[in-house]
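The values are calculated or read from the model by the stated rules, or taken from the named source; none is laboratory data. Quick caveat, the model's predicted, so the values are computed rather than measured. Counting neighbours? That spans all protein chains shown, and the Cβs are built from the backbone with ideal geometry, glycine included. Calculation scope for accessible area: heavy atoms of the full protein, side chains included, ligands and nucleic acids excluded. Shrake-Rupley method; radii C 1.70, N 1.55, O 1.52, S 1.80 Å.
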Amino acid sequence: MDDIVLDPKYHSVLSLLKGFRNGVVYGTKIRFPHALVMTLLFRTGSPRAKVSAILNATKDHARGLAFFVTTYKTMMLLQRYLSASGKNTDLHTFIAGFVGGYFVFGEKTSINQQIILYLFSRIAMGLANTAMKASKFEAPQGSFALFAALCWGTVLVLFRRDRSVLQDSLRSSMTYLYEDSSHWTSLKTLLWHNK
């Protein structure tokens, strides 16, 4: 069996299988602990409903990553095969990511939204770092503190002016932190229970 899996002529096809497998494993490793903690802390309902929510969130994340990796790698293989040079380019990479993103993560679900927002923040930082690297300009000392201040100042203004524009979980967290902390009816609801 090792002769087959190590044979170079099967490498491309087997990389699709391994990519799918890695998507399932990574999605499970990332989502299961997150879903477990968030469900135990914030979700109401029966133990059965909580377990179901944890398993469904884990399945959705793992499946999404597995299908994205498989779509991306398949598109890269097809484009390399069709390319005159027999090599992939940055354009091929973008097209493969674009197609995978559209078809796998295009539906606006809570899991997909979290993944895309995570990705967007990393892209923004990557583009800023790329610009800094290209310009040979070094970030001034304290620039991260300024970035943090701009983020927090902006999100709090958005929350105060029109919280409907913010993502549900962020809005809920901000309500808990900044509004619920202004209301209590006893020592118990001041220090022990929120309401």
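General observations
- Residues considered: Gly142, Gly100. Of these, the only one that is out of contact with any helix residue (DSSP H, G or I) (no Cβ under 7 Å at 6 or more places or on another chain) and not charged (D, E, K, R) is Gly142.
- Taking the numbered list (1) outside any helix (DSSP H, G or I); (2) exposed (fewer than 11 other Cβ atoms within 10 Å of the Cβ) in turn, Val157 passes all entries but (1).
- None of Ala145, Ala139 is part of a helix (DSSP H, G or I), open to solvent by 40 Å² or more (accessible area, probe 1.4 Å), of a type outside the set (Val, Ile, Thr) and over 25 Å from Phe20 (Cβ atoms) except Ala145.
- Qualifying residue in the stretch 101-123 (condition: farther than 30 Å from Asn56 by Cα and either of a type in the set (A, V, I, L, M, F, W, C) or in contact with a His (Cβ under 9 Å, 6 or more places away or on another chain) (or both)): no
- Selection within the stretch 72-116 - hydroxyl-bearing (Ser, Thr, Tyr), open to solvent by 50 Å² or more (accessible area, probe 1.4 Å) and either within 14 Å of the chain's Cα centre (by Cα) or within 30 Å of Thr39 (Cα to Cα) (or both): Tyr102, Ser110
- Total residues in the stretch 38-71, condition surrounded by fewer than 18 Cβ atoms within 10 Å (Cβ to Cβ), aliphatic (A, V, I, L, M) and at pLDDT 95 or above: 4
- In the set Ser169, Ser173, only one residue is touching a helix residue (DSSP H, G or I) at 6+ places or on another chain (Cβ under 9 Å) and either in a helix (DSSP H, G or I) or open to solvent by 70 Å² or more (accessible area, probe 1.4 Å) (or both); that residue is Ser169.
- Remark: pairs (first residue in the stretch 139-158, free of Cβ contacts under 8 Å to residues at least 12 places away in the same chain; second residue surrounded by 10 or more Cβ atoms within 10 Å (Cβ to Cβ) and not in a helix (DSSP H, G or I); Cβ separation under 8 Å; 6+ apart in sequence or on different chains) = Leu158/Leu166.
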